[in-house]
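No lab work stands behind these numbers, since they all come straight from the coordinates. Note that the structure is a prediction, hence the values are computed from the model and not measured. No Cβ is skipped: glycine too gets one built from the backbone with ideal geometry, and neighbour counts run over all protein chains shown.
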Amino acid sequence: MTAASAPGKVILFGEHAVVSGFPALGGAIDLRARAKVLDCPGKLLIETEGLFVSGFSLDLLSGQVLCRQASHAARYVSAVLREFDASDLSIRIESSIPPASGLGSSAAITVACLAAVSRHLGHDLPAKEVAALSHRIEKTVQNGLGSPMDTALATFGGYLRVCRQVEPLALPPLQMVVGDTGKPHDTRQQVAGVQALKERYPDLVNPIFQAIGAISSRAAGLIEEQNLSELGALMNANHGLLEALGVGSRELSELVYAARNSGALGAKITGAGGGGCMIALPGPGNGKALIAAMRQARGRAFPAVAGCEGVRMEADT
Ligand code: PMV
């Protein structure tokens with residue numbers, strides 16, 4: 001048996017502007033996907049289990065679906081298995097990361113699966129190669145779409161600055177609250193909408209991207225100094241700029257304002273917007289109040305720590 005786990009992620013600052021080459025800042029969070037590989041002669045099984053991936057079992061060799069509930073996880077796992085030309089294995093995936101919500105669920109599944117399968121088959125891949133291969137696999141499954149941020153954070157953990165290149169940053173952990181609208185979002189559609197707005201109004205949208213990039217650049221220093229009130233102010237400013245780009249939604253705004261009204265130092269959309277998740281920075285001792293207020297506003301809210309460990313091999317438990 002070989003097992004590995006990898007974290008999800010949040011984009012703290014800079015989404016959308018990063019597509020046009022401005023800096024963004026992301027952090028790995030303490031929600032994880034876990035892949036467990038076992039020898040299974042004559043079969044190639046994928047099984048999923050967990051809070052956010054519902055159970056099913058599929059034998060890729062016979063094509064037999066043993067329990068009929070498809071999950072997005074299978075597409076990434078089977079792409080990893082193809083990469084290694086694997087057979088006679090059973091892969092079990094568990095994940096506590098909500099899918100299609102901007103929290104890096106598919107990257108975490110891909111990275112955990114790749115680490116576990118490669119180790120099980122006797123390949124010792126350096127982390128850099130795990131990140132590069134996972135990014136290529138994720139992009140193939142997603143028809144060419146996917147920034148390197150998700151797979152790099154799932155592999156290396158911590159924080160990353162992305163601006164054409166991906167650069168790790170050594171910063172302390174950051175306690176936050178994630179609010180999930182429960183509405184899946186479509187990153188491709190949101191990116192296309194913002195890029196189309198930029199085509200129509202370059203003189204308006206470029207300065208917005210520039211302002212978002214300036215916020216991302218300042219944020220790392222504020223996390224370093226633990227200047228949370230200024231960091232919160234920048235989250236609010238970044239949120240306003242994302243609204244200006246047209247990626248807000250009523251559900252996201254309700255969660256943002258529920259958090260701010262119950263004492264968050266700042267709150268913003270995380271990821272592509274239009275649905276998916278937002279993040280809030282709690283003030284001293286008010287994390288529970290934020291979560292209660294965001295649940296009242298019909299969100300799934302939970303605490304998360306940014307800056308967590310990347311992919312790791314796991315003992316069987
Ligand atoms: O897919 P998400 O929700 O994690 O967001 C992607 C972030 C964007 O900047 C909108 C797109 C990208 O490729 O960087």
- Residue span Ala100 to Ser217: 0.36 nm per residue of separation minus Cα-Cα distance leaves a gain in nm of 39.4 nm
- Distances over 23 Å make up what percent of all Cα-Cα pairs in region 174-306? 32 percent
- Just how large is the dipole of the chain about the Cα centre, in debye to the nearest 20, putting +1 at every Lys and Arg Cβ and -1 at every Asp and Glu Cβ? 540 debye
- Query: Karplus couplings for region 4-15 from phi (6.51 cos²θ - 1.76 cosθ + 1.60, θ = phi - 60°), rounded to Hz, Gly and Pro as x?
  - Reply: 9, 10, 9, x, x, 8, 10, 8, 7, 8, x, 4
- Choice from Leu245, Leu60, Leu44 with maximal GNM fluctuation in the chain (Cα, 10 Å cutoff): Leu60
- Task: Taking the chain as the reference, fit the longest principal axis to its C-alpha atoms, fit the long axis of helix 287-296 to the helix C-alpha atoms, and give the angle between the two in degrees, 0 to 90, nearest 10.
- Result: 90 degrees
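Fewest to most neighbouring Cβ within 10 Å: what's the order for Thr181, Thr2?
The order, fewest Cβ neighbours first, is Thr2, Thr181.
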- Message: For a quick check: with amide H placed at 1.01 Å from N, whose amide H comes under 5 Å from Ala304's, ignoring anything fewer than 5 positions away on the same chain?
- Response: Met176, Val177, Val178
- Listed by chain and number, the lysines with an alpha carbon less than 22 angstrom from that of Lys268, same-chain partners under 8 positions apart left out, are Lys9, Lys183, Lys198, Lys288
- GNM, the chain, Cα, under 10 Å: largest mean-square fluctuation among Arg34, Arg119, Arg200? Arg200
- Query: Ranked highest first by the average count of other Cβ atoms within 10 Å around their residues, in what order do 165-172, 297-304, 217-224, 111-118 fall?
  - Reply: 111-118, 297-304, 217-224, 165-172
- How far is helix 127-141 tilted off the main Cα axis of the chain, in degrees rounded to 10, range 0 to 90? 90 degrees
- Kindly provide the helix-only [θ] at 222 nm of the chain, computed as the sum of -39,500 (n - 2.57) over DSSP H runs of four or more divided by all residues, to the nearest 500 deg cm²/dmol? -13000 deg cm²/dmol
- Message: Can you tell me which of Gly158, Gly42, Gly266 moves the most in a GNM of the chain? Springs connect C-alpha atoms under 10 Å apart.
- Response: Gly42
- Item | Along principal axes, Cα extents of the chain, largest first, whole Å | 57, 41, 35
